[in-house]
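Undergrad: One structure, as structure tokens, below. Some questions next.
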Amino acid sequence: MRINSLEPTRLRNDAHFQFFAELKNLLEAKNEAGEYIFAYLLDKIRALVDQWLLLFAREDEALKVIRKSGLTSKIQELDAARDDTYNGMVEINTATLKHFSAEKREAAGELKILFDTYGDVAKKPLKDQTSAVYNILQDLRNNKYAPCVATVGLGEWITQLEALNRELEALTAERTSEAAGKTDIVLKEARAEVDRAYAAIVRRIHAHIEIEGSANYENFVRTLNINIAKTVAAIGKRRGKRGENNSEEETEDAQQPEEVI
């Protein structure tokens, strides 16, 4: 029996924190009598766990600083407004598919194909959504779709969406610059230290299993593997949504996790 493989560097900041928060809860779980459920395991790896907990607390603090950025609340408001604007534009186009005018129905049908190609843009992560909105705006203004936009009457929606997207892009860049020499670097360092400490814990558990057998470790390993499977599935789902066209961004994000909002 072994703990399944996980690449923490593939996780975004919130997902990284969530996975290790669940690990912390697992290690510190107690029964009704107030005793540690995995007391035997903890006795074997106590020094490593104590060191890991200190490093995880550092990651927690660094993440809180980023969340408390003075620009974060404004970014959240604008992101919600952009979502509403994009969704509203798509909903109007969907309604136009049932318009009494054949010309409008046909134009809405052409635009629906484009919207479907981009998928649910409003559910994409902040950075990905900004890029997707920029691209779809370019498409909506090209010679193929511009007449359809005019026929359906989406001009004002496009103007508003572009304004929100530009403002969000500027604020996000400002927040990144604000944190550049500070919290972002601290968080990346903290994450790396947490990852190394976690790897040491895994190696130690595997060593004890090899020497003693799995009986005293089985429940812990099985529970942790369930959490790992859930986390790996979430990574796969995110990759699937982004698609092959965003493969370069995926590589970049793996090396440099995106800011949370």
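Undergrad: Being surrounded by fewer than 17 Cβ atoms within 10 Å (Cβ to Cβ) and part of a helix (DSSP H, G or I) is the filter here; which residues of the range 61-71 pass it?
TA: If the condition is that a residue be surrounded by fewer than 17 Cβ atoms within 10 Å (Cβ to Cβ) and part of a helix (DSSP H, G or I), then 61, 64, 65, 67 are the ones that fit.
Undergrad: Moving on to the next point. Could you tell me which of the residues 108, 122, 102 is closer than 18 Å to residue 155 by Cα and either of a type in the set (A, V, I, L, M) or in contact with an Asp or Glu (Cβ under 7 Å, 6 or more places away or on another chain) (or both)? Steps first, answer last, please.
TA: Values: 122 fails: closer than 18 Å to residue 155 by Cα; 102 fails: closer than 18 Å to residue 155 by Cα.
Just one listed residue meets the conditions, 108.
Undergrad: For the range 78-107, what are the residues that are closer than 15 Å to residue 137 by Cα and charged (D, E, K, R)?
TA: Passing the criteria: 82, 83.
Undergrad: All but one of (1) under 28 Å from residue 122 (Cα atoms); (2) not assigned by TED's automatic domain parsing to the domain that holds residue 216 hold for residue 14; which doesn't?
TA: (2)
Undergrad: Pairs under 6 Å by beta carbon, first residue within 15 Å of residue 101 (Cβ to Cβ) in the range 139-155, partner of a type in the set (Ser, Thr, Tyr) and outside any loop (DSSP other than H, G, I, E, B), six or more apart or different chains?
TA: Correct list of pairs: 152/96.
Undergrad: Given the criterion loosely packed, with under 13 Cβ neighbours inside 10 Å and assigned to a helix (DSSP H, G or I), identify the matching residue among 42, 54, 48.
TA: The match here is 54.
The values are calculated or read from the model by the stated rules, or taken from the named source; none is laboratory data. Model, not experiment: these values are computed from the prediction. In this analysis, Cβ positions are derived from the backbone assuming ideal geometry, glycine residues included, and neighbour counts consider all displayed protein chains.
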